[in-house]
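Input: a single structure, listed below in structure tokens.
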Amino acid sequence: MKYRLFISIIMVEIVILAILFIRGAGLAGKYQKDIEARRMLVSTLMLTDLSIWTEARYTRHPSQTDIFSPFQDYPSSIEHFPAGSILSPEGVYLQRGGKK
Amino acid sequence: MIKHLKILEFALSSLWRRKFKNLGLIVVFSLIIFTLSSIVFLTYSFKREAVAVLKDAPELIVQRLSAGRHEMMPVEYMKKIKDIPGVGKIVPRLWGYYYDISTGGNYTVMALREGLQDKISLMEGSFVVGSGSCVVGRGVADARFLDIGSIMPLIGADGKVRRFRVAGIFTDESNLLTNDLVIIGEKDFREVFRIPQSIATDIVVQIYNPTEVDNIARKIKEALPDTRPITRREILRTYDTLFDWRSGMVLTMFLGAILAFVILAWDKATGLSAEERHEIAILKAIGWETSDVMELKFWEGFIISSLSFLTGLIGGYLHIYFFGASIFSPALKGWSVIFPEFRLVPYINIYQIAVLLFFTVIPYMAATIVPSWKAAITDPDVVMRG
């Protein structure tokens with residue numbers, strides 16, 4: 001009976017997914033202490049940004065960057081840094097009073 | 001119920017007859033769901049993490065702009081800001097970037113204020129940053145093979161090499177915030193970068209009443225027209241939208257996967273193969289109702305899409321939360337030499353998963369059923385004769 005095998009596979013996958021999601025929800029609670037510690041770090045060191053992309057000023061500190069930074073060197077210049085092409089230039093958008 | 005199970009059994013047998021084609025389809029479909037769900041998990045976790053930790057970012061930062069660029073700020077500006085009613089403590093920040101020739105990495109160097117030693121956790125060693133000592137992030141320590149007590153040299157603006165003893169290293173748990181940080185004392189910072197006492201990088205302003213932040217920011221801008229106030233709300237909004245579905249990161253990867261899915265669904269929707277049409281005609285000729293044929297095709301679509309969806313979703317979860325988005329890392333990394341290993345908190349947004357389900361499984365099933373319905377309502381004799 002192939003349908004029994006199919007239903008079993010689907011059930012196993014659903015159970016795995018449920019276990020992962022429940023584990024995730026549990027971990028999110030457990031990580032709360034770490035998040036508190038990170039918030040303390042942000043507050044104490046007066047940090048403003050996540051340390052993800054360190055290749056350019058406007059990718060290291062997206063919230064602090066000059067709003068002209070991308071494409072600033074000369075007209076028609078291509079993007080200098082790969083991460084610049086996957087970050088949105090949000091500053092410009094918000095400065096113009098854009099809504100989310 | 002028995003009838004439905006029999007049709008399901010028939011659908012499975014029918015799919016098994018073309019097992020290589022259908023297994024291939026499940027693999028491709030799963031990969032698309034894997035990519036899409038990985039992006040959804042990654043960006044949502046980034047967003048939640050950023051918003052959670054940056055809630056305690058400075059209430060208001062005042063930068064100085066000169067000719068459209070961020071410029072160092074005279075400390076005397078603090079007096080004018082202090083005079084604005086509602087302004088509390090004002091703290092000058094000293095920070096900058098340092099390009100390390102030996103590793104090719106960019107570090108963020110910060111000067112430490114006094115009296116913070118007891119407040120810092122998430123680190124090995126101590127946070128005592130005296131003259132000639134420093135605290136570094138895990139990324140810097142790995143790039144330069146540093147340990148507690150090692151020497152970290154920095155080449156100053158005057159060309160002289162200054163040596164700092166590593167007093168502490170931030171732990172992996174704080175990587176997303178501290179990975180590229182080098183923290184040194186204020187005196188050392190001014191010496192390394194040749195920054196006089198009269199200037200700072202920017203100024204952090206404490207405001208007594210949070211509802212007055214925008215108002216005070218406006219007053220600062222009026223009193224000091226060459227400055228740019230950045231509020232905490234703007235910082236949070238930047239991160240909220242940075243990882244939004246409209247941001248470049250999501251769109252770049254999302255669009256590729258969506259286009260692949262559209263091609264897959266389009267191929268299905270544009271028609272059945274001669275063999276499939278023949279099969280439907282035979283079923284009709286031996287007495288199957290159109291509704292039975294439709295149910296058969298529904299089950300075929302459901303089997304492929306449900307298996308693919310669940311497999312892809314499990315794969316996406318494991319990829320992001322167990323393997324730290326290792327497949328995306330080369331694309332995300334760009335030219336960053338110092339790049340954190342992600343240890344993201346598994347935040348799951350059920351709404352996003354429902355949207356993913358709606359945009360992939362439902363169209364695929366529709367694309368399976370509609371052409372079959374067209375074939376099922378045609379006279380079997382016409383179909384079989386071709």
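Carbon-plus-sulfur accessible fraction, chain B (probe radius 1.4 Å, protein heavy atoms only): 61%. Rolling a 1.4 Å probe over the heavy atoms of the protein chains gives the protein assembly as shown an accessible area of 48 Å² per residue.
Summing +1 for each Lys or Arg and -1 for each Asp or Glu among the other residues whose beta-carbon sits under 11 angstrom from that of B:Ala52 gives +1.
Peptide B:56-63 is shielded by partner chain Cβ atoms: per residue, an average of 4 of them sit within 10 Å of its Cβ.
Evaluated with a Cβ-only charge set (Lys, Arg +1; Asp, Glu -1), the protein assembly as shown carries a dipole of roughly 320 debye about its Cα centre, given to the nearest 20.
Ordering B:Leu31, B:Phe41, B:Leu8 by Cα displacement along the dipole of segment B:1-51 toward the positive end leaves B:Leu8 in first place; charges were set at the Cβ atoms of Lys, Arg (+1) and Asp, Glu (-1). Angle check, please: helix B:274-285 long axis (alpha carbons) against the longest principal axis of chain B (alpha carbons), in degrees 0 to 90, nearest 10. Taking the Cα atoms of chain B, the angle to B:274-285 is about 50 degrees.
The amide H of B:Cys134, built 1.01 Å from its N in the peptide plane, has B:Arg165, B:Val166, B:Ala167, B:Gly168 as neighbours under 5 Å, considering only residues 5 or more places off or on other chains. Computed with every protein chain present, the accessible area of A:Phe6 is close to 10 Å² [probe 1.4 Å].
Helix-only arithmetic for chain B: the sum of -39500 (n - 2.57) across DSSP H runs with n ≥ 4, divided by the residue total, places the mean residue ellipticity at 222 nm at -17000 deg cm²/dmol. Rounded to the nearest 10 degrees, the inclination of helix B:19-53 to the longest alpha-carbon principal axis of chain B is 30 degrees. Legend: residues B:His4, A:His61, sorted from most to least accessible area (1.4 Å probe; ligands, DNA and RNA excluded), read B:His4, A:His61. Placing B:Lys82, B:Lys160, B:Lys219 in order of accessible area, with the largest value first and a 1.4 Å probe, yields B:Lys160, B:Lys82, B:Lys219.
Chains B and A together bury some 7000 Å² of accessible area, summed over both sides, with a 1.4 Å probe.
Sorting B:84-93, B:198-207 by average packing, meaning the other beta carbons within 10 Å per residue, from highest down gives B:198-207, B:84-93.
If we count every other residue with Cβ under 9 angstrom of B:Phe170's Cβ, Lys/Arg +1 and Asp/Glu -1, where does the sum land?
Counting the neighbours of B:Phe170, the net charge comes to -2.
Taking the DSSP bridge list for the protein assembly as shown and keeping only pairs wholly inside it, about 80 percent are antiparallel.
Shielding value for B:175-181 is 5, the average number of Cβ atoms from other chains within 10 Å of each residue's Cβ. Within 10 Å of the Cβ of each residue in B:237-244, the mean number of Cβ atoms contributed by other protein chains is 5. Counted over segment B:60-231, the DSSP beta bridges are approximately 80% antiparallel.
Other residues with beta-carbon under 12 Å from the beta-carbon of B:Gln206 carry, at +1 per Lys or Arg and -1 per Asp or Glu, a net charge of +1. Distance from the C-alpha centroid of segment B:45-98 to that of segment A:7-34: 40 Å, rounded to the whole angstrom.
The values are calculated or read from the model by the stated rules, or taken from the named source; none is laboratory data. This structure is a prediction, so every number in the text was calculated from the model and none was measured. As a convention, Cβ positions derive from the backbone with ideal geometry for all residues, glycine included, and neighbour counts pool all protein chains shown. For the accessible areas, the whole protein counts, side chains as well, though only heavy atoms, and no ligand, DNA or RNA atoms are used. Shrake-Rupley method; radii C 1.70, N 1.55, O 1.52, S 1.80 Å.
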